[in-house]
Amino acid sequence: MKYLSTRGHGVQSGFCDILLGGLAPDSGLYLPECYPRIGRAELDAWRGLPYAGLACEILSRFIGDIPSGDLREICERTYTPEVYRHARAGDDPAHITPLHWLEPGRLGLIALSNGPTLAFKDMAMQLLGNLFEYALEKRGETINILGATSGDTGSAAEYAMRGKARIKVFMLSPHGKMSAFQRAQMYSLTDGNIFNIAVTGMFDEAQDIVKAISSDAPFKARHRIGAVNSINWARIAAQVVYYFKGYLAATADSGEQVAFCVPSGNFGNICAGHIARRMGLPIARLILATNENDVLDEFFRTGVYRPRKASETRVTSSPSMDISKASNFERFVYDLVDRDPAKVAGLWAEIDAGRAFDLSRTPYFARLPAFGFVSGSSSHADRLATIRDAHERYGVAIDPHTADGLKVARQHISGLPDGVPLLVLETAQAAKFADTIREALGRGPEIPAGLQDLEALPQRVDVMAPDAGTVKAYIAQRT
Ligand SMILES: *Cc1c(COP(=O)(O)O)cnc(C)c1O
């Protein structure tokens, strides 16, 4: 399987070549040259597979340069009930992403947040950790991962990379700006290869430091700096698997269809759903949910893609969806414009210059329904009402991101063909967002077993000024 850049210049021969890299040389994103097709008979044959086996079947279609025995071993080590152990009472952790029906046959949650950090980012990041380790070992190389986090990504990366010999992680976070639970998750790690750096500033300043260091090519090369951000293709590929798993769990026969509703930020999660659909998975609808930061909802309603300025980005109660620009969206648009890289390059010349593009009067806009997409957004009041309603009707506590999804799902459920179940992706557990749960339900969420004492553990973090030079010196001393 070859990989191409969405902007046309950059062909890579294999998966491992792009695993450790970031953007293509032309600043585009990598995609496989074609999507593997999965027929109905094959899909039915996969019904009995455990998650790891399904992951191996699907990933092997995208990965030509890891021998199948090795890939199987990596998947089996990644997708275990021990790693994904935080299943809700009544759900079977052996299913890794258990389907939890709210209304049997009609409306369900796919639990993607049973991993170590209680957010769906573990689904891909745990695999990435094991793939990195494998590829670095083969090449005799090491890597120093540098990132900035406002919460979920940093902890998912640290829990995936902890204790790995050829990998160090330097993770910047804004001092005092994360929830107590999120802080405890990251700062209580004592592994020698994990370095938590709290900068006395905002998330954007932490992000700017990462950008500054990553654009210093000599420093980057000398200290073997790498990234695990959301544009990484391996993360998208890993996420394709749970769309198949969810489909198989909700249907008895591959003639049936399902719909998915996805709380979205950087368009990584739902991009994997789009790819699953292109591979032949019978998905009637992909429903994209945003919060008040509705840049994607606006596109699917109007055809105008207008990334916001950082200053226009609102801080909301579903913070992992507070984005102004959706970094994976370019992958979808590449398919929407019939994989014409010149067209994509033209559109992103506008975006990169800080402007917008408008497809409303082009044939592309008219095709969005054929791609299965519809969208909606929610407000803080909507999320509180949805959390309360789900608790009263179904006895479940959902987190504010999943509440974005459930609210928008309800808006679209009547438009689905008869008998098509709607599956909302549960992207985090309520325990991570205690304040909002308390506001909605009048009491805090239950904390999963084994994590009750997390906030009492000793914490290890180095606090420093938001200054790239200081951070560089810190990294240089430790690599
Ligand atoms: C990252 C995240 C999202 C957004 O996912 P994208 O892939 O960026 O669209 C939604 N919910 C939670 C809890 C997240 O951590």
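The values are calculated or read from the model by the stated rules, or taken from the named source; none is laboratory data. Quick caveat, the model's predicted, so the values are computed rather than measured. Cβ atoms come from the backbone with ideal geometry, glycine included; neighbour counts cover every protein chain shown.
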* Filter the range 235-262 down to the residues that are more than 26 Å from THR290 (Cα to Cα) and of a type in the set (S, T, N, Q), then identify the one that is modelled with the highest pLDDT. => THR251
* In the range 265-318, what residues are assigned to a helix (DSSP H, G or I), modelled with pLDDT of 95 or more and either among the aliphatic types (A, V, I, L, M) or within 23 Å of GLU42 (Cβ to Cβ) (or both)? -> ILE270, CYS271, ALA272, GLY273, HIS274, ILE275, ALA276, ARG277, ARG278, VAL295, LEU296
* In the range 8-58, what count of residues is obtained for those that are hydrophobic (A, V, I, L, M, F, W, C), part of a loop (DSSP other than H, G, I, E, B) and within 19 Å of CYS75 (Cα to Cα)? -> 3
* Asked: Can you name the condition, by its number, that SER230 falls short on among (1) touching a strand residue (DSSP E or B) at 6+ places or on another chain (Cβ under 9 Å); (2) at pLDDT below 95; (3) under 30 Å from MET1 (Cα atoms); (4) within 16 Å of the ligand (Cβ to nearest atom)?
  -> (1)
* Asked: When only residues in the range 383-406 that are closer than 11 Å to ILE437 by Cβ and of a type in the set (Lys, Arg) count, which is farthest from the ligand (Cβ to nearest atom)?
  -> ARG388
* **Residues located in the range 6-60, provided they are modelled with pLDDT under 95 and polar (S, T, N, Q)** => GLN12, SER13, SER27
* To do: Could you grab the pairs with beta carbons closer than 6 Å, sequence gap of 6+ or different chains, first residue in the range 393-407 and of a type outside the set (Lys, Arg), second one outside any helix (DSSP H, G or I) and away from the ligand (no atom under 11 Å from the Cβ)?
  => TYR394/LEU102; ALA397/PRO445; PRO400/SER317; ASP404/SER378; GLY405/CYS261; GLY405/VAL424; LEU406/VAL424
* Quick check: is even one residue across the range 150-160 polar (S, T, N, Q) and assigned to a loop (DSSP other than H, G, I, E, B)? -> yes
* Could you please let me know if GLU205 is away from the ligand (no atom under 13 Å from the Cβ), surrounded by fewer than 24 Cβ atoms within 10 Å (Cβ to Cβ) and assigned to a helix (DSSP H, G or I)? => yes
* Please list, ordered by first then second residue, the pairs with beta carbon atoms under 7 Å, 6 or more apart or interchain, first in the range 251-264 and within 16 Å of the ligand (Cβ to nearest atom) and assigned to a loop (DSSP other than H, G, I, E, B), second among the small types (Gly, Ala, Ser) and modelled with pLDDT of 95 or more. => SER264/ALA289
* Structure fact -> How many residues of the range 325-370 are within 20 Å of TYR35 (Cβ to Cβ) and within 16 Å of the ligand (Cβ to nearest atom)? The answer is 6
